[in-house]
Amino acid sequence: MLELPLVVHGALAEAAASSSTVCPKAISIYAMQKTGSTFLSRFSREIALHRKMCRAYQTTKEFVCQTTMYVDCPRNNLHRKTVSLVQPFSTQLPDEHRGPRCTQRLRQKMFDNANDWLRSTDVRVKYRYNRSLTWLLSADGFVRTSRQLYVEHTDGAVPSFPGYDNVLIVHTRHPVEMMVSAYNCIANPKVCPVRSKLLGSHVPKNDTMKSLDEFVLSGIRRPGSTPHAIMQRNRAIMRFIRGFGPSALRGASRTPGCSETRLLHSKYELMVTNFSVWSAQILEQMVSPRGQRRALHAALVKQYQNDFVPDGKHKKSLVAGSNMRKLQRSTIRELVRNERLGSLLRDLGYDWFGWDKRNDL
């Protein structure tokens, strides 16, 4: 297995950190389902609360061009009470419209409208203090969470925020490990109680659930299936990461005194196997003062030290590659021979956990 450091694209971390004494942080976090996204959301929320940062998050129905933005800000030096805002956005065409009611152009406009709202300097937008949203967010910066990078990138709607120290955290997991986890989630309601509550026993239309091996092998060849969607979405994420260096986004938010936008590639495998190292590197980008960062790191490691200990239920094994070991050798052999899947793994910085080098495969 390859080493799993977080990869920082852009200016060096320490050089970037020095600029944030002038510029507040604008942290955008992207994580697909089955990558530990629920924990990552909880972890980033904990940091935001400690740092008195606002949180901006959204729920999106991209196929009907509807999204809702939520902003929660704790008490700070500017205001003595918490602030919570909700703002829906839709570019969906009316029911009587002939043809698609939601297109890529309309989705892009929907995302742009939502992002423009976060950038708003309009003091006519009324809430408790009758000040602009920028005034509210820029006091101590904000953390923006989303699971839709593959959609935002495809639609050209990944945002940046001028006047802030922009950081994009893109969190991934080995795609085959994600497929196995998705199967367990669909096949056993007890594994994913939230999904069971929302969807019951629903199985996606193009998924084959006769066995784990058939689910994976048939799925990677069948458009519309969960494994195929995992591959397609990871390809979009990979293209974004690979194209970030020369992209216009990197310098789009550059403001005098602020660093250019940086991208961190975070990996599930490091998060669950070496939480102390993973969390320290995340904190390095989210918290600038070194002394405060170290103190918060020690507190968070103590708080979450048992979160990645197997519990015999959903968290049966937290060793990198443990999900692949649930597949039959014949299945792994076929996966290793799949050139498109192998290319995707290499581009994302993953390998086959040594399976491709075994003589008995």
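Assorted remarks:
- Structure-derived Rg and Dmax of the Cα atoms in Å: which label, when the choices are (i) 20.7, 63; (ii) 21.2, 69; (iii) 23.9, 83: (ii)
- Whether the range 211-361 is rounded, prolate or oblate, judged on the alpha carbon gyration tensor where a/c under 1.5 counts as rounded: oblate
- Virtual paramagnetic centre 7 Å along Cα→Cβ of Arg222, amide N under 17 Å, in the range 187-213: 187-188, 202-213
- Gaussian network model of the chain, springs between alpha carbon atoms under 10 Å - residue of Arg45, Arg239, Arg290 with greatest fluctuation: Arg290
- From phi via Karplus (6.51, -1.76, 1.60), per-residue ³J(HN,Hα) for the range 157-164 in Hz, x at Gly/Pro: 10, 6, x, 9, 10, x, x, 10
- Between Glu339 and Tyr70, the contour length at 0.36 nm per residue exceeds the Cα-Cα span by 92.7 nm.
- Taking a ≥ b ≥ c as the square roots of the Cα gyration tensor eigenvalues, the range 71-131 comes out prolate, since a/c reaches at least 1.5 and a/b is larger than b/c.
- Between Tyr304 and Val194, the FRET efficiency from the beta-carbon distance, with R0 = 25 Å, is close to 0.80.
- Debye, to nearest 20: dipole size of the chain, +1 on Lys, Arg Cβ, -1 on Asp, Glu Cβ: 680
- Short-range pairs are left out: with C-alpha atoms under 8 Å and at least six residues apart, the relative contact order of the chain is 23 percent.
- Distance between the 7 Å Cα→Cβ label points at Ser330 and Arg101: 4.6 nm.
- The chain: most fluctuating residue of His228, His97, His153 per GNM, C-alpha cutoff 10 Å: His97
- Pairs beyond 23 Å (Cα-Cα), from Lys210/Lys326; Lys109/Lys205; Lys34/Lys61; Lys190/Lys302; Lys81/Lys197: Lys109/Lys205; Lys190/Lys302; Lys81/Lys197
- Computed from Cα atoms, the angle from the helix 175-187 axis to the main principal axis of the chain rounds to 80 degrees.
- Under the Karplus curve 6.51 cos²θ - 1.76 cosθ + 1.60, θ = phi - 60°, whole-Hz ³J(HN,Hα) for the range 297-306, x wherever Gly or Pro sits: 4, 4, 5, 6, 4, 5, 5, 10, 4, 9
- Taking the longest Cα principal axis of the chain as reference, the axis of helix 339-348 is set at about 30 degrees.
We did not get these values from a lab; they are worked out from the coordinates using the rules stated. Just so it is clear, the structure is predicted and the values come from calculations on it, not from any experiment. Here the Cβ is made from the backbone with ideal geometry for all residues, glycine too, and neighbour counts use every protein chain on show.
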